[in-house]
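Colleague: Starting off with a structure, shown below.
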Amino acid sequence: MKEIFLLAIESSCDETAAAVVKNGREVLSNVIYSQIALHTEFGGVVPEIASRKHIEKINQVIEQALADASVGLKDIDAIAVTYGPGLVGALLVGVSEAKAISFATGKPLIGVHHIEGHICANFIENKELEPPFVCLVASGGHSHLVVVKDYGEYELIGRTRDDAAGEAFDKVARAIGLGYPGGPKIDREAKEGNPDAVCFPRAKVAGSAYDFSFSGLKSAVLNYLNSCKMKGEAVNTADVAASFQKAVVEVLVEHSIAAVKEYGYDKFAIAGGVASNSALREAFGVACKKAGIAFYRPSPVFCTDNAAMIGVAGYYEYKKGVRHGFDLNAVPNLSL
Ligand code: KG4
Ligand code: ZN
């Protein structure tokens, strides 16, 4: 069988990333330039700064990915690029770059959905994993429960009605003074705290068993902080972090396990930045074992934004014959 090499590019938010992926599941290189330090002083991602930094770094990141994989552009069979969802200016940098390389080399261009990439991150280290399965995608912009029916075939069965899980982590982290990026900081802080110290609400969405809502939880944390302040009581940051994290994790686990059982699948995977959360990984491990469900999760480096996952998703699109023209554009609100 002919070997297929994909060059993948990801620039939807604040990571400039490129990777080379062989035959869909073998990651030959995975280069990520994270802009986190640049955005930290602003307390979140500044879209204009993100776009400018992507432009500055993208060629270097791609050259490094090719060098790390010991391949040249001549060895590449196709170029996969994230074209949505994400920040429009940031996406445009990757899309323009991919189009330019495709035009210059004559190699096919494949636009990839960012969330599809996150889901496909599970195929990198779990060589035996095949659809169908249920996947929870929890990132900074999305909290989706998805049935992966086949490669590239998805059914969205649940979503957040307001804030995404990662967004809630980021907002609560800011409120308790941990700063940006919130997820990893709360993860670390929570290890020192008591998850049962404060009982925060577990929101249910009436009539939608698999939908999520995190804005009420965020408000409950803000109210708690405010009432402590009014009473002149000191806030135990670690306890608040641990209690908030437990509330998020419990809801994600409960809804996901119910969905896997209800839909009759025996495999479950997690994806997206929040999937790197240590308490979440542990809780899902325990819950899946108890329910007799096989549990899959990418290593943390493949949970947060990277281009390897885009190369995997791109490979399955490539195999299906998907090719994009030079009219491929960034689609900031692309749906799954
Ligand atoms: O998937 P991702 O890298 O980018 C998007 O597609 O949004 O996800 C970023 C989100 C951020 O909200 C970040 O705070 C969260 O993932 N995150 C975490 C952890 N690491 C990243 N949330 C909880 N615990 C973590 N360890
Ligand atoms: Zn992402």
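Colleague: Of all residues in the stretch 233-272, which are within 16 Å of ligand 1 (Cβ to nearest atom) and assigned to a strand (DSSP E or B)?
Modeller: Residues satisfying the conditions are Ala269, Ile270, Ala271.
Colleague: If you check His118, His113, which single one turns out to be closer than 21 Å to Pro181 by Cα and within 13 Å of the chain's Cα centre (by Cα)?
Modeller: His118
Colleague: Consider Ile257 against the criteria (1) under 26 Å from Gly44 (Cβ atoms); (2) under 23 Å from the mean Cα position of the chain (by Cα); (3) not acidic (Asp, Glu): it satisfies all of them except one. Which criterion is unmet?
Modeller: Unmet condition: (1).
Colleague: Cβ-Cβ distance below 8 Å, separation of 6 or more or different chains: which pairs start in the stretch 40-57 with a residue that is free of Cβ contacts under 8 Å to residues at least 24 places away in the same chain and end on one that is outside any loop (DSSP other than H, G, I, E, B) and open to solvent by less than 20 Å² (accessible area, probe 1.4 Å)?
Modeller: Val46/His39; Ile49/His39
Colleague: Any chance you could count how many residues in the stretch 296-336 are assigned to a loop (DSSP other than H, G, I, E, B), modelled with pLDDT of 95 or more and over 13 Å from the mean Cα position of the chain (by Cα)?
Modeller: 13
Colleague: Given the residues Ala259, Ala242, Ala247, which is the only one that is in contact with a Gly (Cβ under 6 Å, 6 or more places away or on another chain), buried (at least 20 other Cβ atoms within 10 Å of the Cβ) and touching a residue at least 12 places away in the same chain (Cβ under 8 Å)? Quick ask: steps written out before the conclusion?
Modeller: Numbers: Ala259 fails: in contact with a Gly (Cβ under 6 Å, 6 or more places away or on another chain); Ala247 fails: in contact with a Gly (Cβ under 6 Å, 6 or more places away or on another chain).
The match here is Ala242.
Colleague: Can you name the condition, by its number, that Lys127 falls short on among (1) outside any loop (DSSP other than H, G, I, E, B); (2) within 26 Å of Leu145 (Cα to Cα); (3) away from ligand 1 (no atom under 14 Å from the Cβ)?
Modeller: (1)
Colleague: Run down Gly111, Gly179 and say which single residue is within 30 Å of Phe5 (Cα to Cα) and of a type in the set (Gly, Ala, Ser).
Modeller: Result of the check over Gly111, Gly179: Gly111.
Colleague: Could you list, in sequence order, all residues of the stretch 12-27 that are away from ligand 1 (no atom under 12 Å from the Cβ) and in contact with a helix residue (DSSP H, G or I) (Cβ under 6 Å, 6 or more places away or on another chain)?
Modeller: At the first step, the residues of the stretch 12-27 found to be away from ligand 1 (no atom under 12 Å from the Cβ) are 16, 18-27.
Passing the criteria: Thr16, Ala18, Ala19, Val20, Val21, Gly24, Arg25, Val27.
Colleague: Give me the pairs: first residue in the stretch 290-310 and within 24 Å of Ala18 (Cβ to Cβ), second residue basic (Lys, Arg), beta-carbon distance under 7 Å, and six or more apart or on different chains, which are they?
Modeller: Partner pairs satisfying both residue conditions: Arg297/Arg281.
Colleague: For the stretch 266-280, enumerate the residues that are touching a Phe, Trp or Tyr at 6+ places or on another chain (Cβ under 6 Å) and open to solvent by 10 Å² or more (accessible area, probe 1.4 Å).
Modeller: Lys267
Let's see how each residue does on (1) modelled with pLDDT under 95; (2) in contact with a Cys (Cβ under 8 Å, 6 or more places away or on another chain); (3) in a helix (DSSP H, G or I); (4) surrounded by fewer than 24 Cβ atoms within 10 Å (Cβ to Cβ):
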site	(1), (2), (3), (4)
Val112	no, no, no, no
Glu116	no, no, yes, no
Phe123	no, no, yes, no
Pro131	no, no, no, yes
Val137	no, no, no, no
Lys149	no, no, no, yes
Glu155	no, no, no, yes
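Colleague: Restricting to the stretch 302-319, what's the tally of residues that are under 20 Å from Glu128 (Cα atoms) and surrounded by fewer than 24 Cβ atoms within 10 Å (Cβ to Cβ)?
Modeller: Residues flagged as under 20 Å from Glu128 (Cα atoms) and surrounded by fewer than 24 Cβ atoms within 10 Å (Cβ to Cβ) within the stretch 302-319 amount to 3.
Colleague: Filter the stretch 286-295 for residues that are open to solvent by 10 Å² or more (accessible area, probe 1.4 Å), in a helix (DSSP H, G or I) and among the hydrophobic types (A, V, I, L, M, F, W, C); which is farthest from ligand 1 (Cβ to nearest atom)?
Modeller: Ala291
Colleague: For the stretch 276-308, which positions are among the aliphatic types (A, V, I, L, M) and in contact with a strand residue (DSSP E or B) (Cβ under 6 Å, 6 or more places away or on another chain)?
Modeller: So the first thing to find is which residues in the stretch 276-308 are among the aliphatic types (A, V, I, L, M), and the list is 279-280, 283, 286-287, 291, 293-294, 301, 307-308.
Ile293, Ala294, Ala307, Ala308, listed by residue number.
Colleague: Which residues, taken from the stretch 157-178, are away from ligand 2 (no atom under 16 Å from the Cβ) and either of a type in the set (Asp, Glu) or assigned to a helix (DSSP H, G or I) (or both)?
Modeller: Asp162, Lys171, Val172, Ala173, Arg174, Ala175
Per-residue answers, yes or no, for (1) within 15 Å of Val248 (Cβ to Cβ); (2) open to solvent by 30 Å² or more (accessible area, probe 1.4 Å); (3) out of contact with any strand residue (DSSP E or B) (no Cβ under 7 Å at 6 or more places or on another chain); (4) free of Cβ contacts under 8 Å to residues at least 60 places away in the same chain:
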site	(1), (2), (3), (4)
Asp163	yes, no, yes, yes
Ala175	yes, yes, yes, yes
Pro184	yes, yes, yes, no
Asp187	yes, no, yes, no
Asp196	yes, yes, yes, yes
Arg202	yes, yes, yes, yes
Ala206	no, yes, yes, yes
Ser215	yes, yes, yes, yes
Asn223	no, yes, yes, yes
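The values are calculated or read from the model by the stated rules, or taken from the named source; none is laboratory data. Everything numeric here is computed off the predicted structure, so don't read it as measured data. With ideal geometry, Cβ positions are generated from the backbone for all residues, glycine too; neighbour counts draw on all protein chains shown. Calculation scope for accessible area: heavy atoms of the full protein, side chains included, ligands and nucleic acids excluded. Shrake-Rupley method; radii C 1.70, N 1.55, O 1.52, S 1.80 Å.
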